[in-house]
Amino acid sequence: MQTFIALYLAPTSVITEWMKTDPAVREAADKKMREDWDTWMAAHGSMIKETKAGGQTKRVTKDGVTDTKNDIMLYSIIEAESHEAAAEAFVGHPHFGIPEASIEIMAIRSM
C-alpha cells in the first residue's frame with residue numbers, strides 16, 4: 001500500500017458567497033452533502049486514515065509571517081494500491097457538489 005494526501009479544494013470566493021445564501025437553503029444543501037458523504041465513506045472509508053478541516057493560514061517567507069487564505073478546505077491521509085487507484089476512488093465524490101471544487105491527490109514519500 002502507498003500513502004497519499006487528498007486535498008479538498010474550493011475557491012474562498014465561492015465559500016464566501018455560499019455563506020450569504022439563505023440559511024434554510026444552506027442547511028438543506030449541507031444536510032444532503034453530509035448524507036452523500038456518508039454514502040461515499042461507506043464505499044471508500046477503509047482507505048481513509050485521517051480527515052481534518054483546514055483553518056486560518058499563516059504564510060512564512062524570508063521576509064516574515066503574514067496571514068493568508070488558500071483554497072484548502074479539508075485534507076485526508078489515504079492508503080491505496082496506486083496513485084491511480086487513489087485518484088479513481090474520488091471520482092464522483094460529494095465534495096464536487098461545491099461549485100468549482102476539486103480534489104488533488106498527492107503521493108507522500110519518505111525523505
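Could you tell me whether any residue of segment 56-68 is under 27 Å from residue 108 (Cβ atoms), surrounded by 12 or more Cβ atoms within 10 Å (Cβ to Cβ) and either of a type in the set (A, V, I, L, M) or in contact (Cβ under 8 Å) with a residue 24 or more places away in the chain (or both)?
no
Does residue 3 count as closer than 20 Å to residue 102 by Cα, among the polar types (S, T, N, Q), in a helix (DSSP H, G or I) and over 15 Å from the mean Cα position of the chain (by Cα)?
Considered against the rule, which asks whether it is closer than 20 Å to residue 102 by Cα, among the polar types (S, T, N, Q), in a helix (DSSP H, G or I) and over 15 Å from the mean Cα position of the chain (by Cα), residue 3 comes out as no.
Every read-out reported here was derived from the displayed coordinates using simple, explicitly stated rules and does not represent laboratory data. Treat the numbers as computed from the prediction; the structure is a model and nothing was measured. No Cβ is skipped: glycine too gets one built from the backbone with ideal geometry, and neighbour counts run over all protein chains shown.
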